[in-house]
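Just so it is clear, none of the values below were taken in a lab; they were calculated from the coordinates. Keep in mind the model is a prediction, meaning the values are calculated, not measured. When we count neighbours, we look across all protein chains shown, and the Cβ atoms used for this are built from the backbone with ideal geometry, even at glycine.
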Amino acid sequence: MVLDCGRKPENQHASCRKTPSWDSKPRTTFYQLLHHTTSRSQWHHLLLHGVSVIHIGDQQGSLQPPTFPIPSLPPGTLSLTTRTMASSADRNPPPFPASEEPQPELSDMAEGDSDEGEDIFVSNSHPASVSRGVSQPEEPADLFSEEATTTAKPNGVHSDDDDLFAEAQADLSSDPSSDSTRKDLSSSSGPPSARSPAALQPTSLEQLEEDEAKDIFDVDVAVTNPEKVGDGMNAYVAYKVSTRTSLPMFKSKAFTARRRFSDFLGLYEKLSAKQSLHGCIIPPPPEKSVVGMTKVKVGMDDPSSVEFVEKRRAALERYLQRIVSHPLLLQDPDVREFLERDDLPRAVNTQALSGAGFLKMITKASDAVSKMTIKMNESDTWFEDKFQEVDMEEQQLRKLHAVVDSLVNHRKELCMNTAVFAKSMAMLGNSEDNTALSRALSQLAEVEDKMEQLHQEQAGSDFFIFAELLADYIRLLGAVRGCFDQRVRAWQRWQEAQSTLQKKREAEAKLLWANKPDKLQQAKEEIAEWEAKVTQYERDFDRIGMTVRKEVLRFEKEKAKDFKSQIIKYLEAMLQSQQRLIKFWEAFLPEAKAIA
Amino acid sequence: MTSIDESDKEKLRSVSVDLNNDTALLIDIPDALCERDKVKFTVHTKTTLTSFQKPDFSVPRQHEDFIWLHDALVETEDYAGLIIPPAPPKPDFESPRDKMHKLGEGESTMTKEEYTKMKQELEAEYLAVFKKTVQVHEVFLQRLSSHPVLSKDRNFQIFLEYDQDLSVRRKNAKEMFGGFFKNMVKSADEVLISGIKEVDDFFEQEKTFLLDYYSKIKDSTAKAEKMTRSHKNIADDYIHISATLNSLCAEDSTPNKKNLEKLSDLFERLRKVEGRVASDQELKLTELLRYYMRDIQAAKDLLYRRARALVDYENSNKALDKARLKSKDIPQAEEHQRQCLQKFDKLSESAKKELTSFKGRRVVAFRKNLIEMAELEIKHAKNNVALLQGCVDLLKNN
């Protein structure tokens, strides 16, 4: 995607199709506002959860009532926070397959929690999946109490819609384009000229962000129990997807479903294709791997296949957790169906070598080409700057991922070398004829054995926490770039519609001149049709623009939180490892001193 | 000129103990110059012995000079019953040189900062190799000077004193060839020594022990080297991680920037600790094993010489018997036999003493190094804990 950096309206690129009215139109139209509130009201309605009503009307005091009849908003619960991201902080990295200690945590899980027959959270898989998107039994009480406390202070939480009204007010009364006012908000060094009419603006957008921070999503998902189903090349791995929720839109409070990898991919395909979600950052699933899966299918139980399955299981879990922590995606019926439905129709168009797969590749390629032929003239550099940032960041993350990969390999090497050395040292200790020295050498061999264990765990931590975090964000940044692309495509559609409209108008003019009344009527109808399309596409474009901005801000916040919690987890694991190391060597020291 | 101060030498001189205590003859290598492949050592002697011309003097020596001295001692018949200290290994700068070369090739792929840090690491590694080779050469001389018999050796004196180039006295081609033959003979010795019927229990035990121990310690040395190398690789990875994190957060304007900065900082510090863990392990463990591997080879050589003396004696017995049978040349045969026996007895007696003291020396050295290694591991791990805890606290409090 190539964005022309021109901010001034005079900077017209030859291939750029613009109508003169482009820059002077205020960004936020009332239609958009309505659209926003409608979708939000749907959202609030669905997430209603026994909370006290926040009456919007009272807070409108100083504002002029809008002229359009805005439907009165139903009571909304705004006490939603993103727990799934935080809960990922509870996850311990699973050990690499060579370790034999089963992780005991999962067996403590909710016993009398659901009526769904089986005790869904007792996991027997090995390596034990310790990923805990699901909370401990004592947590449901906490969840509810948490929500109770947040609802107890409704006044601290401002209604989103309140802010939208404020926004609308500011826009209607202000002259400059809302792009510039939004620039004020997003960049600290914006021109102060637009400040006065937009005095309410800074608070509204900030508040939007704040409100999102206070969102609690009462949905926990876990992906566990990878099991091989079938034999030979038709075999696949089925995962258990367990959900626990108190949201009324789901049929029950806790339920499970068995899903295979292509189901996850299918979900992604469906979400990506939805017009209503355009502009949203849809979390991408982990990649397909023909090599990895073939080994599993062939039935090899070697450590690398076990590692592969574990890596995939953990990645799928994070994928689902990210989806359910996204307010719009959680709403989506396809997501609900994925979590709830017993029998999901197979997503066949995700097969790598299928006809649909080829078609997708072709359309992706042609999309890329079309992106390059039309340069977009941006009046708001936010998008272009952000896109550059994202691109650079993705490159750097790839580099970092490569280095961390190298670290993982070196640590595994260290692990192997330490084990081999330990054995050699044990043999040497046996040969040694001085008894005290012999014992000390044997002890040294044991210490080195324990060190091997530590290195093994550290390598697991390096991989499952650090490397996978980076891999996730490389994919996510790709998705971010994708939604920028969607905005460009929306713009293109709009531009094309405008040029078509122009052509129709010219055609009409010609007909007028040639005086053909019947064709004239048709021409007029077409013009009307295209005028409507132009308006529609323009609104779509603006809507996507706003969505993208919001999404990016939300994404950045979530990223900081995610990185922080994962880094802390990684460092704490390293810390524990070093503390154990100290103990091992401190135990050895007296043995060394006892040599005589 | 790279000078090595006393404290460094103290730290380095760990594999052998109780050296350089005899004030009558104090030897050290205060300076060494490295040009390309050749290292020139400055051997400094302080002595109260009248056998030397001056009480305090220095001479430049090359590695080959040390080898000459070692071989001269080995070939001296009188010292057949002694453990000749193992010759210092040739200075090997290949590893850091290779890495430096690879670094140069990969310079374009890394940031300037990263490159500088890697270069520093490599220079430190180079310096470490350098220090090690100086230490090993020094220890060789010090073992000679602290040995009651070897310290009086004429060649040793020449080595210390002769202020001109020793190359005239060094091996010429013929002698090199002779050296090759000697190695061939040595492997024949292995067969010989295992085949001989030992009358003395002490030597029987020693033989079994040393043969077995040698193969085990050789194996351990190789494995320890690999382990140390992996540690170094990890330390290098930390450098790259820190540098890449730096580049990342330089461009970052999101709230994530602070997290990345702290992490980058942490890795920079962790890599220093990791580097020290690697080098300390190298010095205390790998070097220890390496040195005693060579020392045990020297002890085995002593056993071989004794075995050869025993063979000689047995042969002389057979010759005497034959002479008696033929009634010819009996007095020569008797004399020969007497000499062989004398030689063998003298050798055995001295060998016993040497091997016993060697045992003690070895145990003491192992003890010292294992204690030091354990203490250093603990120290570095505690350092790591402090660094990690600090970073975690910083992140949590933000």
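Could you list A:VAL324, B:VAL129 in order of exposure, starting from the residue whose Cβ has the fewest other Cβ atoms within 10 Å?
B:VAL129, A:VAL324
Among B:SER264, B:SER215, B:SER242, what is the fewest-to-most ranking by other Cβ atoms within 10 Å? Could the numbers behind the result be given before it?
Numbers: B:SER264 19, B:SER215 15, B:SER242 22.
Fewest to most other Cβ atoms nearby, the residues stand as B:SER215, B:SER264, B:SER242.
Put +1 on the Cβ of every Lys and Arg and -1 on every Asp and Glu Cβ in the stretch B:295-398; which of B:SER357, B:ILE378, B:GLY390 then has its Cα farthest towards the positive end of the dipole?
B:SER357
Over all residues in A:384-390, what is the mean tally of Cβ atoms on other chains that come within 10 Å of each residue's Cβ?
That works out to 1 on average.
Determine, from the Cβ-Cβ distance of B:LYS257 and A:GLU227 and an R0 of 41 Å, the FRET efficiency 1/(1 + (r/R0)^6), rounded to the nearest 0.05.
Plugging the Cβ-Cβ distance into 1/(1 + (r/R0)^6) gives 0.45.
For the stretch B:19-170, take the alpha-carbon Rg, divide it by the Kirkwood Rh, and send me Rg/Rh.
My calculation puts Rg/Rh at 1.10.
Averaged across the residues of B:383-394, what count of C-beta atoms belonging to other chains lies within 10 Å of each residue's C-beta? Present the calculation step by step, with values, prior to reporting the outcome.
On the way: counts 1, 7, 8, 2, 4, 10, 5, 1, 5, 8, 1, 0.
Per residue, the number of nearby Cβ atoms from other chains is 4 on average.
Could you work out the relative contact order of the stretch A:438-593? I mean the mean sequence separation of Cα pairs under 8 Å and 6+ apart, divided by the number of residues, in percent.
Relative CO of the stretch A:438-593 lands at 46 percent.
Highest mean first, how do A:524-533, B:351-360 rank when packing is the count of other Cβ atoms within 10 Å averaged over residues?
Going by the mean number of other Cβ atoms within 10 Å, highest first, we get B:351-360, A:524-533.
Where the centroid of each part is defined by its Cα atoms, how far is the stretch A:433-505 from the stretch B:268-305 in Å?
Between the Cα centre of the stretch A:433-505 and that of the stretch B:268-305, the gap is 38 Å.
Taking 7 Å along the Cα-to-C-beta vector as the label spot, tell me the A:LYS423-A:ALA514 distance in nanometres, rounded to one decimal.
In this crude label model, A:LYS423 to A:ALA514 measures out at 9.0 nm.
Do you know the Lys pair count in the stretch B:260-355 for C-alpha distances under 29 Å, with sequence separation 8 or more or different chains?
Qualifying lysine pairs in the stretch B:260-355: 22.
For A:ASP433 and B:ILE330, what does the FRET efficiency come to when R0 = 51 Å and r is the distance between their Cβ atoms, rounded to the nearest 0.05? Write down the numbers at each step before the final one.
Values: r = 45 Å, r/R0 = 0.88.
Efficiency at R0 = 51 Å is approximately 0.70.
Can you tell me the equivalent ellipsoid semi-axes for the stretch B:268-398? Use √(5λ) from the Cα gyration tensor, largest first, whole Å.
63, 11, 6
Count charges around B:GLN53 for me, please; just the other residues with Cβ under 10 Å from its Cβ, Lys/Arg as +1, Asp/Glu as -1.
Surrounding charge for B:GLN53 is -1.
Report, to the nearest 10°, how far helix B:173-195 tilts away from the longest principal axis of the Cα atoms in chain B, using its own Cα long axis and a range of 0 to 90°.
Compared with the principal axis, the helix lies near 80 degrees.
Size of chain B along its principal axes in angstrom, Cα-based, largest extent first?
106, 46, 39
Tell me which residues come under 5 Å, amide H to amide H, from A:ARG260 once H is placed; ignore anything under 5 positions away on its chain.
Here the answer is A:TYR239, since their amide H atoms fall under 5 Å of that of A:ARG260.
With the contact rule set at Cα under 8 Å and sequence spacing of 6 or more, what percent relative contact order holds for the stretch B:206-397?
29 percent
Efficiency by 1/(1 + (r/R0)^6): what FRET value for B:LEU127 and B:GLU77, r their Cβ-Cβ distance, R0 = 41 Å, to the nearest 0.05?
That gives a FRET efficiency of 0.50.
For the stretch B:299-373, what value does the Rg/Rh ratio take when both radii are computed over Cα atoms and Rh is the Kirkwood radius, given to two decimals?
1.32
If you fit an axis through the alpha-carbon atoms of helix B:94-105 and take the longest principal axis of the Cα set of chain B, what angle between them do you get, 0 to 90°, nearest 10?
So the inclination is approximately 30 degrees.
Compute the long axis of helix B:63-75 from its Cα atoms, compare it with the longest principal axis of the Cα atoms of chain B, and write down the angle in degrees, 0 to 90, nearest 10.
Once rounded, the angle reads 30 degrees.
Under a 5 Å amide H to amide H cut-off, with H placed in plane at 1.01 Å, what residues pair with B:VAL43 once short-range neighbours are removed?
Amide H neighbours of B:VAL43: B:VAL59, B:ARG61.
Which value at 222 nm does chain B reach when only helices count, each DSSP H run of 4 or more adding -39,500 (n - 2.57), with the total divided by all residues and rounded to the nearest 500 deg cm²/dmol?
-25500 deg cm²/dmol
Determine the shielding of peptide A:441-448 by partner chains: average, over its residues, the number of Cβ atoms on other chains within 10 angstrom of each Cβ. Present the calculation step by step, with values, prior to reporting the outcome.
Values: counts 4, 0, 1, 5, 1, 0, 2, 4.
What the average comes to for A:441-448 is 2.
Relative contact order (percent) for chain B, with alpha-carbon contacts under 8 angstrom and 6 or more residues of separation?
It comes to 20 percent, rounded to a whole number.
Taking the Cα centre of chain B as origin, sum charge times position over the Cβ atoms of Lys and Arg (+1) and Asp and Glu (-1), and report the length of that vector in debye to the nearest 20.
On the way: 67 positive and 69 negative charges, 141 e Å.
Value, rounded to 20: 680 debye.
What distance in nm separates the simple spin-label points at B:ASP345 and B:ASP393, each placed 7 Å from Cα in the Cβ direction?
7.5 nm
Quick check for you: which residues of the stretch A:391-434 have the amide N under 18 Å from the point 7 Å beyond the Cα of B:PHE202 toward its beta carbon?
Hits in the stretch A:391-434 for B:PHE202 at 18 Å: A:433-434.
Fewest first, what order do B:SER58, A:SER289 take by the number of other Cβ atoms within 10 Å?
Lowest count first: A:SER289, B:SER58.
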